[in-house]
Amino acid sequence: MSKKFYITTAIDYANGSPHLGHAYEKVLTDIVARFRRLMGDEVKFVTGLDEHGQKVQMAAEKQGVPPIEICNSLAKEFQGLCERLSISNDDYIRTTETRHKNVVQDILQKLFDKGEIYKADYNGFYSVRQEQFVTEKEKVDGKWPEIYGEVVQVTESNYFFKLAQYQDWLIETIQSNESMIYPRFRSADVMQFLKKEPLNDLCISRPKERLEWGIELPFDSNFVTYVWFDALTNYITAAGYGTDEFEKNWPADYHVIGKDILVPPHAIYWPIMLKALDIELPKSFLVHGWWLSSGAKMSKSTGEVVNPLDLIEQFGTDAFRYFVTREMNVGQDSEFSIELFMSRYNSDLANDLGNLVSRLLNMGGRYTEGKVPAASVEEEPEKALKDLWSEVEVELMPLFEGFQFHKALDRIFTFVSGINKYAETRAPWKLAKSEDPADQAKLHTSLAYMAEALRLAVVMLTPVMPEISEKIRGLVGAPSFDRLDGQLVWGNTLEGCTLGEKAILFPRPERKA
Ligand code: MSP
């Protein structure tokens, strides 16, 4: 049985509408998933919604509706966004689904039976915003850091998961597995956290008087489980834990997450939960940075958010996907600005790519009866264009495999500019005025070269801009493909193909109704 390439995103909190940060993570993961499919892997790509916890319960109380109503409506919103973003996920998991509750209860019972969970009294501080217990040590200048919001004192009995005993094992595991966290420098954050001081055991229960909106502990109906214990488990639920499917999917190849949720949930709690259950660890975490707005993390609580749907509405799905991929160096932060968006849209998409396509179709219609002609000349301009492709082509695969998508797009657009330059040099519109057979041969060659070069450029744009790439293929008469095999080789594949009608792929926004 061959193992699938299993890739997941974080599951979004059901406590507000999606913003640019949520949309970006899905696009990034989708690009990896689409690329792997083109490389011949069988992919399982899962995203979803994290629906339990205090924030959702409080929002429901405020609105006077049952929590599930809020979740249902947000699930629709988030799933609608995935559709608008052309996300190719194979599953969408919601933590209120029965399949998930069953897995969470199953593993809680297993850990309890193994003696990994115990009951103890807790007397200390609790952060309502973070839904976690905090200690005096976390105070900065005698005050609780802003991220904790209101901190209250509580005394209660709770269940604890024996995290502390796995500390040395985890240090050793992460140290000996360099490729576990991408980018590598994030491993240092994990190590710093792990080596700072002894880990505390993790409180994995919340008494129902305080929180009802959660999954009940199977061994004590007075409690529900901690929202992170519940949420992290989604990765094995969706992989089919407890069924034959599981072996085909697990371990996950990549958990794609933002840098804020690496430590402690993904790098500490999750590996230890799996180890305690004798389940293999995920192979790697792909950790991206944040979209910032005026220098701060874009988030619901800080106010300034960009609604991805507005941008998609105005500029189209693929323009949005292009922008976020071109601007974000995976792992670093990136500042969003509408000026930058417009500049990329106008210069890269509308001018360079869009004009190239319409120029070719226009000239094909006028000079070669709407067909891709035969190439018969190979002089300096042709050689230069082919050489440029050879240079770009060898760089693309390692850039895609190494998540350097911003650089890959830069290289592809260098090639697109190269095609435009080639057109300027050959100036087919001038050649068309001559009846000399040598000029006619150059005219035909130049259109054939432009078409073939365009076909090649959009092969590797496919994972990033799936719809536009397919459209361009249709316009130059190139067939669709499922695998990359052979697609990047320069050839005469389009000779005789019918060119499409002149099309404007990236209309200037002001021209839109
Ligand atoms: N529910 C948890 C994740 C549980 S995973 C088992 C959560 N949800 S979230 O809605 O707050 O964030 C979902 C993802 O979006 C996270 O990976 C987070 O890092 C990412 N982003 C949220 N805001 C972001 C930006 N401003 N920029 C980029 N991504 C950020 O955390």
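Summary of values
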{"quantity": "Given (1) out of contact with any Asp or Glu (no Cβ under 8 Å at 6 or more places or on another chain); (2) among the β-branched types (V, I, T); (3) surrounded by 24 or more Cβ atoms within 10 Å (Cβ to Cβ), index of the condition I70 fails", "calculated": "(3)"}
{"quantity": "Helices (runs of 4 or more DSSP H) wholly inside the range 422-506 that include at least 2 residues being modelled with pLDDT of 95 or more and on the phi > 0 side of the Ramachandran plot", "calculated": "none"}
{"quantity": "Any hit, the range 87-109, residues being surrounded by 20 or more Cβ atoms within 10 Å (Cβ to Cβ), more than 27 Å from S2 (Cβ to Cβ) and over 28 Å from the mean Cα position of the chain (by Cα)", "calculated": "yes"}
{"quantity": "Any chance Q79 is modelled with pLDDT of 95 or more and either within 13 Å of A231 (Cα to Cα) or open to solvent by less than 30 Å² (accessible area, probe 1.4 Å) (or both)", "calculated": "no"}
{"quantity": "The range 126-145, residues that are out of contact with any strand residue (DSSP E or B) (no Cβ under 7 Å at 6 or more places or on another chain) and open to solvent by 30 Å² or more (accessible area, probe 1.4 Å)", "calculated": "R129, Q130, Q132, E136, K137, E138, K139, V140, D141, G142, K143, P145"}
{"quantity": "Single condition F35 does not satisfy, out of (1) more than 15 Å from the ligand (Cβ to nearest atom); (2) in a loop (DSSP other than H, G, I, E, B)", "calculated": "(2)"}
{"quantity": "Matching residues in the range 7-62 - criterion: being open to solvent by less than 10 Å² (accessible area, probe 1.4 Å) and among the polar types (S, T, N, Q)", "calculated": "T8, T9, T29, T47"}
{"quantity": "Any hit, the range 239-259, residues being among the charged types (D, E, K, R), under 28 Å from N158 (Cβ atoms), near the ligand (Cβ under 9 Å from one of its atoms) and open to solvent by 30 Å² or more (accessible area, probe 1.4 Å)", "calculated": "no"}
{"quantity": "Residue match in the range 78-94 (condition: farther than 22 Å from R326 by Cα, away from the ligand (no atom under 11 Å from the Cβ) and either part of a helix (DSSP H, G or I) or without any contact (Cβ under 8 Å) to a residue 24 or more places away in the chain (or both))", "calculated": "yes"}
{"quantity": "Residues of the range 203-226 that turn out to be within 16 Å of the ligand (Cβ to nearest atom) and open to solvent by 10 Å² or more (accessible area, probe 1.4 Å), as a count", "calculated": "2"}
{"quantity": "Hits in the range 260-296 - residues which are within 9 Å of the ligand (Cβ to nearest atom) and of a type in the set (D, E)", "calculated": "D260"}
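So that you can scan it fast, the table gives a plain yes or no per residue for (1) free of Cβ contacts under 8 Å to residues at least 24 places away in the same chain; (2) out of contact with any strand residue (DSSP E or B) (no Cβ under 9 Å at 6 or more places or on another chain); (3) of a type outside the set (G, A, S):
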residue: G364; (1), (2), (3): no, no, no
residue: G370; (1), (2), (3): no, no, no
residue: A375; (1), (2), (3): no, yes, no
residue: E380; (1), (2), (3): yes, yes, yes
residue: L385; (1), (2), (3): no, yes, yes
residue: A408; (1), (2), (3): no, yes, no
residue: R411; (1), (2), (3): yes, yes, yes
residue: F415; (1), (2), (3): no, yes, yes
residue: Y422; (1), (2), (3): no, yes, yes
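The values are calculated or read from the model by the stated rules, or taken from the named source; none is laboratory data. What you see is a predicted model, and the numbers here were worked out from it, not measured in a lab. Ideal geometry is used to build each Cβ from the backbone, glycine not excepted, and the neighbour counts take in all protein chains shown. With ligands, DNA and RNA removed, areas are computed over all heavy atoms of the protein, side chains included. Shrake-Rupley method; radii C 1.70, N 1.55, O 1.52, S 1.80 Å.
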